[in-house]
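The values are calculated or read from the model by the stated rules, or taken from the named source; none is laboratory data. Note that the coordinates shown come from a computational prediction; the quantities given were computed from them, not determined experimentally. Backbone-built Cβ (ideal geometry, glycine too); neighbour counts: all protein chains shown.
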């Protein structure tokens with residue numbers, strides 16, 4: 001072995017690859033020269049990127065709205081007593097986030113609601129449900145409609161209104177018949193005010209149409225005929 005020379009088989013020589021020029025010729029860039037800049041993007045690619053971003057925004061908005069179940073529904077805008085027909089002034093539409101299983105009436109069916117009968121007293125500001133509507137005029141099955149003449153002094157000073165829930169009770173000292181006779185009605189009966197005629201009849205009595213359970217209809221009518229009857233309000237319609 002000669003001094004100063006590497007022994008064959010030991011060590012490795014490093015040969016750096018020449019830098020490629022932007023045109024791919026393999027020629028190294030000369031000292032002091034800048035490398036080539038990347039090509040500018042085409043306008044068509046930029047437009048495509050913008051379109052994809054816009055489509056993503058729209059899809060995200062649609063998914064957000066669907067996830068929150070924002071739907072138009074029918075809203076009660078005015079009080080409607082039970083048994084009364086619904087008019088155009090009584091309902092409107094609003095948009096709410098309705099979860100699955102909520103039985104509401106779509107806003108597209110608003111015109112179909114008008115003319116239906118309120119099965120229960122409807123309060124303004126509440127969402128209308130199909131279970132609160134009926135096509136049948138009262139009385140419904142299991143009910144009878146009884147006209148009850150009542151002395152104004154046996155009615156609340158604030159009056160009675162359709163949809164009010166009342167208790168029918170017998171009172172002593174009626175305007176007709178024997179005031180000492182035993183009352184026909186032996187216990188209070190729950191009733192629902194259907195209509196009120198506030199103009200007294202020839203006997204000075206107001207007439208209230210009451211919906212009462214069918215099994216008590218005869219007793220309520222007989223008690224009303226004696227004049228020994230009063231109505232106690234248990235719940236207002238609105």
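For every residue, the table says whether it meets (1) within 30 Å of residue 93 (Cβ to Cβ); (2) outside the structural domain of residue 89 (by TED's automatic domain parsing); (3) touching a residue at least 40 places away in the same chain (Cβ under 8 Å).
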{"site": "153", "(1), (2), (3)": "no, yes, no"}
{"site": "157", "(1), (2), (3)": "no, yes, no"}
{"site": "184", "(1), (2), (3)": "no, yes, yes"}
{"site": "189", "(1), (2), (3)": "no, yes, no"}
{"site": "194", "(1), (2), (3)": "yes, yes, yes"}
{"site": "201", "(1), (2), (3)": "no, yes, yes"}
{"site": "224", "(1), (2), (3)": "no, yes, yes"}
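Run residue 53 past the list (1) touching a helix residue (DSSP H, G or I) at 6+ places or on another chain (Cβ under 9 Å); (2) modelled with pLDDT under 70 and report the number of the one that doesn't hold.
With (1) touching a helix residue (DSSP H, G or I) at 6+ places or on another chain (Cβ under 9 Å); (2) modelled with pLDDT under 70 applied to residue 53, the lone miss is (1).
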